[in-house]
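The values are calculated or read from the model by the stated rules, or taken from the named source; none is laboratory data. What you see is a predicted model, and the numbers here were worked out from it, not measured in a lab. FYI the Cβ positions are ideal-geometry reconstructions off the backbone, even for glycines, and counts take in every protein chain you see. Protein only, heavy atoms only, side chains kept; ligands, DNA and RNA dropped before computing areas. Shrake-Rupley method; radii C 1.70, N 1.55, O 1.52, S 1.80 Å.
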Amino acid sequence: MLPFARVTVIGLGLIGSSIARAVKAHMPTVRVTGYDADAQVREIATRIQLCDDITDTPGASVIDADLVILCVPVGAMGAAAASFADDLPADAIVSDVGSCKESVVTALTAALPNAIVIPAHPVAGTENSGPEAGFASLFHNRWCIVTPPEGAQPFAVERVLEFWRQLGAQVETMAPDHHDRVLAVTSHLPHLIAYTIVGTASDLEEVTRSEVIKYSAGGFRDFTRIAASDPTMWRDVFLANKDAVLDMLQRFSEDLSALQRAIRWGKGDELFDRFTETRAIRRSVIEEGQDDSRPDFGRSHD
Ligand code: NAP
């Protein structure tokens, strides 16, 4: 049973274009309409036949939708929602894919006070952006966390959960503030660390930039993938999830200082115990099917 018949995707970048492709692949009878604020993106989306229809205005894209999904940077959610508010059918469900949820719930409910708003976050992505970066299998076996506001209609929540199940995702519901704390440590902090370490390496004076790049296989290159992520998206995530990120950063700094002390005082046992614990976490990630089990992520070493 299909949860929706007419889906509108607002923002046709990596995530929006992946949703459009995944709906076509998994629910071929569902009509997909797309809109993006960028005329060039609309042009590309039309050329690659991403959706059944691409409209020139946000209002026209939602006029007969039963699900509208906002796939724009979290700082643009409120303005994007306001841009179609007057044309939204009363019974349509509005959802989104933003990487933080409390600020998005606030922005969407303020822009659309009478709409049914059920936010969600597919925990899946790559470091690429734009309509040509998306692919239909992006959500396969990845988690999608649905964060209903207090008092949300259970039937509306179930339809959004079913939509993501049909795209191949595993689903979970969570309170928006809890989501933001969990993602602060599993996603936002790792991105901040990657941005820092790649920036530090490129600013070093005694090691040349070409040496950093040449010997990057020592671990650095895995940080460079994360640090290549979209600057607009991540600027917005850190500003929107400020409190949780600063909290996790404080904990991280304390743990880093403890490791620094262990190195300074030659406490090998402390280092060994910590590294043994972290190795077990990597094993659990693989057992859960959340990463490639092959050594070095399956890179060829021929
Ligand atoms: P993206 O590839 O940069 O695409 C976003 C698109 O939205 C761009 O084409 C952008 O146009 C357009 N846009 C911006 N403001 C708009 C507005 N008011 N109305 C209509 N379109 C607008 O970004 P993405 O990676 O797909 O990320 C989209 C959302 O998904 C973000 O909220 C992000 O937090 C979330 N998310 C991302 C990932 C990931 O790994 N990338 C994973 C999970 C969730 P311009 O470029 O002209 O601004």
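The table that follows gives values for the structure above.
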{"read-out": "Where Gly98 falls short, out of the listed (1) in contact with a Phe, Trp or Tyr (Cβ under 7 Å, 6 or more places away or on another chain); (2) under 21 Å from His178 (Cβ atoms); (3) not basic (Lys, Arg)", "value": "(1)"}
{"read-out": "Residue tally, condition near the ligand (Cβ under 9 Å from one of its atoms), in contact with a helix residue (DSSP H, G or I) (Cβ under 6 Å, 6 or more places away or on another chain) and open to solvent by 40 Å² or more (accessible area, probe 1.4 Å), over segment 63-81", "value": "2"}
{"read-out": "Lone unmet requirement of (1) more than 16 Å from the chain's Cα centre (by Cα); (2) within 27 Å of Pro295 (Cβ to Cβ) for Thr186", "value": "(1)"}
{"read-out": "The lone exception for Glu158 - which of (1) in contact with a helix residue (DSSP H, G or I) (Cβ under 6 Å, 6 or more places away or on another chain); (2) over 16 Å from Val97 (Cα atoms) it fails", "value": "(1)"}
{"read-out": "Check on Ala90, surrounded by fewer than 19 Cβ atoms within 10 Å (Cβ to Cβ) and either away from the ligand (no atom under 11 Å from the Cβ) or not in a loop (DSSP other than H, G, I, E, B) (or both)", "value": "yes"}
{"read-out": "Hits in segment 221-252 (condition: among the polar types (S, T, N, Q) and under 15 Å from Ala76 (Cβ atoms))", "value": "Thr232"}
{"read-out": "Restricting segment 217-236 to residues that are in contact with a helix residue (DSSP H, G or I) (Cβ under 7 Å, 6 or more places away or on another chain) and part of a helix (DSSP H, G or I), the residue that is nearest to Gly130 (Cα to Cα)", "value": "Trp234"}
{"read-out": "Criterion (surrounded by fewer than 18 Cβ atoms within 10 Å (Cβ to Cβ) and in contact with a strand residue (DSSP E or B) (Cβ under 6 Å, 6 or more places away or on another chain)) met by exactly one of Thr126, Thr109", "value": "Thr109"}
{"read-out": "Residue among Leu239, Leu249, Leu259 that is of a type in the set (A, V, I, L, M), touching a Gly at 6+ places or on another chain (Cβ under 8 Å) and assigned to a helix (DSSP H, G or I)", "value": "Leu239"}
{"read-out": "Filter result for Val23 (closer than 19 Å to Asp236 by Cβ, out of contact with any Asp or Glu (no Cβ under 8 Å at 6 or more places or on another chain) and open to solvent by less than 50 Å² (accessible area, probe 1.4 Å))", "value": "no"}
